[in-house]
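The values are calculated or read from the model by the stated rules, or taken from the named source; none is laboratory data. Just so it is clear, the model here is predicted, and its values are computed rather than measured. Methodologically, a virtual Cβ is constructed for each residue, glycine included, from the backbone with ideal geometry; neighbour enumeration extends over all protein chains shown.
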Amino acid sequence: MAQEKLETATTPMGEAAFCHIHKPDKKIWNKRRKAFVETDDKDKWRFKSSILLDKGTAANEEFVADLISRHEKAGGEGLPSSLRDGDVKPKKKKGEDQKDAPFPGQYEVRLKSKWPPALLLTNGDELPQRIKMKAGDTIAAVIAFDESDTEIYTGLVLYLNALVLVKKSKGHVEAARAAIKGAEFGDDVYIPEEGDEEDDDDEDESEEKGDGEDKSRRKRNY
């Protein structure tokens, strides 16, 4: 019998975070070490990205309400595993200070796939290989809805089918220009010449368990 085709939808546009899109995330949570460690088991590698959606926007609120409704219909309670309220502070650990809310004023939609997702431009063309999606970019995702009813988890499951690059982030460039405004660098002006280029080491850092700070947003290599 043919496998039932899952319902799909496109998310609202939002900010990319925790990007492992061009290369899979090879790290898994180790309960004994209480830390992420790399694994050689390719079945556990995942391509993934989060999308940060601003609260208060009609389209975003409608999308989040739909996820919660689907989760409840699937027998789930609270929020689905793919959705996090960015205003909720992580659970305080014994002997540690209370961490701040990870994404104030935003929802985090967590998406992942065992297989490489399609990477597209807004006109439907494939994303050129020379362009990389990274944290801070404006993106949207094509997702599929499924349900889970196991001892581990009951409720809504989201699968990542494709990512759409809406706009590359240049916020770090604008911030740098503002920071150096009025600085004195002397009369010499560096003009790049052929042969000055360096290889771009394209690696995003992994999301840390229970740590609301997005390491990939702190270190952006565009």
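Touching a Pro at 6+ places or on another chain (Cβ under 6 Å), over 22 Å from ILE152 (Cβ atoms) and surrounded by 14 or more Cβ atoms within 10 Å (Cβ to Cβ), is that true of LYS55? Before the answer, list the steps.
Numbers: touching a Pro at 6+ places or on another chain (Cβ under 6 Å): no; over 22 Å from ILE152 (Cβ atoms): yes; surrounded by 14 or more Cβ atoms within 10 Å (Cβ to Cβ): yes.
Taking the combined requirement at face value, the residue does not satisfy it.
When ALA101 is tested against (1) at pLDDT below 95; (2) surrounded by 19 or more Cβ atoms within 10 Å (Cβ to Cβ); (3) of a type outside the set (S, T, N, Q); (4) in contact with an Asp or Glu (Cβ under 8 Å, 6 or more places away or on another chain), just one condition goes unmet, and that condition is (2). Against the test of being under 16 Å from the mean Cα position of the chain (by Cα), among the aliphatic types (A, V, I, L, M) and surrounded by fewer than 18 Cβ atoms within 10 Å (Cβ to Cβ), the options ALA140, ALA118 yield a single qualifying residue, ALA118.
Taken together, the residues in the stretch 146-164 that are in a strand (DSSP E or B) and more than 20 Å from ALA16 (Cα to Cα) amount to 7. Candidates in the stretch 25-40 are the residues that are touching a residue at least 40 places away in the same chain (Cβ under 8 Å) and within 18 Å of PRO116 (Cα to Cα); of these, the one that is nearest to the chain's Cα centre (by Cα) is ASP25. Considering LYS114, LYS94, the condition of being over 24 Å from GLY56 (Cβ atoms) and touching a Phe, Trp or Tyr at 6+ places or on another chain (Cβ under 9 Å) is satisfied by LYS114 alone. For PHE47, the stated conditions do not hold, so it cannot be described as in contact with an Asp or Glu (Cβ under 7 Å, 6 or more places away or on another chain), of a type in the set (Phe, Trp, Tyr) and surrounded by 10 or more Cβ atoms within 10 Å (Cβ to Cβ).
Residues of the stretch 58-98 that are among the small types (Gly, Ala, Ser), more than 25 Å from GLY136 (Cβ to Cβ) and surrounded by 15 or more Cβ atoms within 10 Å (Cβ to Cβ): ALA74, GLY76.
Residues of the stretch 1-15 that are farther than 19 Å from ILE131 by Cα and part of a loop (DSSP other than H, G, I, E, B): MET1, ALA2, GLN3, GLU4, LYS5, LEU6, GLU7, THR11, PRO12.
Please determine whether any residue of the stretch 112-125 is touching a residue at least 40 places away in the same chain (Cβ under 8 Å) and charged (D, E, K, R).
Filtering the stretch 112-125 down to residues touching a residue at least 40 places away in the same chain (Cβ under 8 Å) leaves 112-122.
Cutting the leftovers down to charged (D, E, K, R) gives us 112, 114.
Yes: one or more hits.
Residues are listed down the side, and each one gets a yes or a no for (1) at negative phi; (2) modelled with pLDDT of 95 or more; (3) touching a Ser or Thr at 6+ places or on another chain (Cβ under 9 Å); (4) among the polar types (S, T, N, Q):
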{"site": "GLU108", "(1), (2), (3), (4)": "yes, yes, yes, no"}
{"site": "VAL164", "(1), (2), (3), (4)": "yes, yes, yes, no"}
{"site": "ASP188", "(1), (2), (3), (4)": "yes, no, no, no"}
{"site": "GLU194", "(1), (2), (3), (4)": "yes, no, no, no"}
{"site": "ASP200", "(1), (2), (3), (4)": "yes, no, no, no"}
{"site": "SER206", "(1), (2), (3), (4)": "yes, no, yes, yes"}
{"site": "GLY212", "(1), (2), (3), (4)": "yes, no, no, no"}
{"site": "TYR222", "(1), (2), (3), (4)": "yes, no, yes, no"}
